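The values are calculated or read from the model by the stated rules, or taken from the named source; none is laboratory data. Here the structure is a predicted model, which means the values were calculated and not measured. Here the Cβ positions follow ideal geometry from the backbone for every residue, glycine too, while neighbour counts run over all protein chains shown. SASA here: full protein model, heavy atoms, side chains in, ligands and nucleic acids out. Shrake-Rupley method; radii C 1.70, N 1.55, O 1.52, S 1.80 Å.
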Amino acid sequence: MARPARKPDPFLERFRGNFSSLLNWENLDTLWRTLRAQADGWYLYAVGEPIPGGIASAGDTRKFIDAIDVLLHKDHHEDYCGIVYVDDPTNPSLIKIYDPHNLGVSCGFSNNPPMPGWIMSRLPPVQIEDRRPLPESRRRWWRSLWH
């Protein structure tokens with residue numbers, strides 16, 4: 001007898017869905033303003049770290065936005081952004097933030113696309129496996145935000 005098909009996880013369905021790239025820094029600034037105003041209800045997840053145990057506080061969400069914005073501007077030495085992807089720029093519910101030090105082919109086609117470094121989600125995330133180990137410097141940066 002065949003097993004019933006498992007229902008797809010809502011987070012993974014959304015994660016694998018369509019996203020828009022924020023191509024310029026001004027678009028990213030607009031997203032940050034939107035998120036700061038809607039800071040409640042976000043899960044903050046660093047891929048390679050344990051999944052969050054719950055929703056971040058509005059204060060922690062704003063702290064993360066401030067810190068990741070500084071990191072992206074410091075480490076992504078381009079006059080364009082292009083490393084933050086959002087499911088809906090006007091009403092975001094899932095945001096993929098790629099690590100400037102592990103871009104590979106984050107847009108276009110690749111047989112082995114990189115995983116985002118960080119995810120902001122309104123849905124509870126599931127563990128995402130990344131073939132690359134999380135660099136210790138990024139692990140320390142992430143953990144320093146919460147300690």
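Please give, to one decimal in nm, the separation of the simple spin-label points placed at Asp130 and Val70, each 7 Å out from Cα toward the Cβ.
Placing both labels 7 Å beyond Cα along the Cβ direction yields 2.0 nm.
By how many nm would the segment from Leu123 to Asn18 lengthen if fully extended, with 0.36 nm per residue of separation less the alpha-carbon distance?
36.2 nm
In nm, to one decimal, how far is the modelled label at Asp40 from the one at Glu26, with both set 7 Å along Cα→Cβ?
The two pseudo-label positions are separated by 3.3 nm.
Quick one: angle between helix 58-75 and the longest Cα principal axis of the chain, in degrees between 0 and 90, rounded to 10, please.
Once rounded, the angle reads 70 degrees.
For helix 25-37, what angle does its Cα long axis make with the longest principal axis of the chain, in degrees from 0 to 90 and rounded to 10?
Taking the Cα atoms of the chain, the angle to 25-37 is about 70 degrees.
Using a 1.4 Å probe on the protein chains only, how many percent of the accessible area of the chain belongs to carbon and sulfur?
The C+S portion of the solvent-accessible surface of the chain is 52 percent.
Tell me the mean residue ellipticity at 222 nm calculated for the chain from its helices only (DSSP H runs of n ≥ 4, each -39500 (n - 2.57), averaged over every residue, nearest 500).
Rounded to the nearest 500, the figure is -10000 deg cm²/dmol.
Tell me the per residue accessible area of the chain using a 1.4 Å probe; a whole number in Å² is fine.
With all protein chains present, the chain gives 58 Å² per residue.
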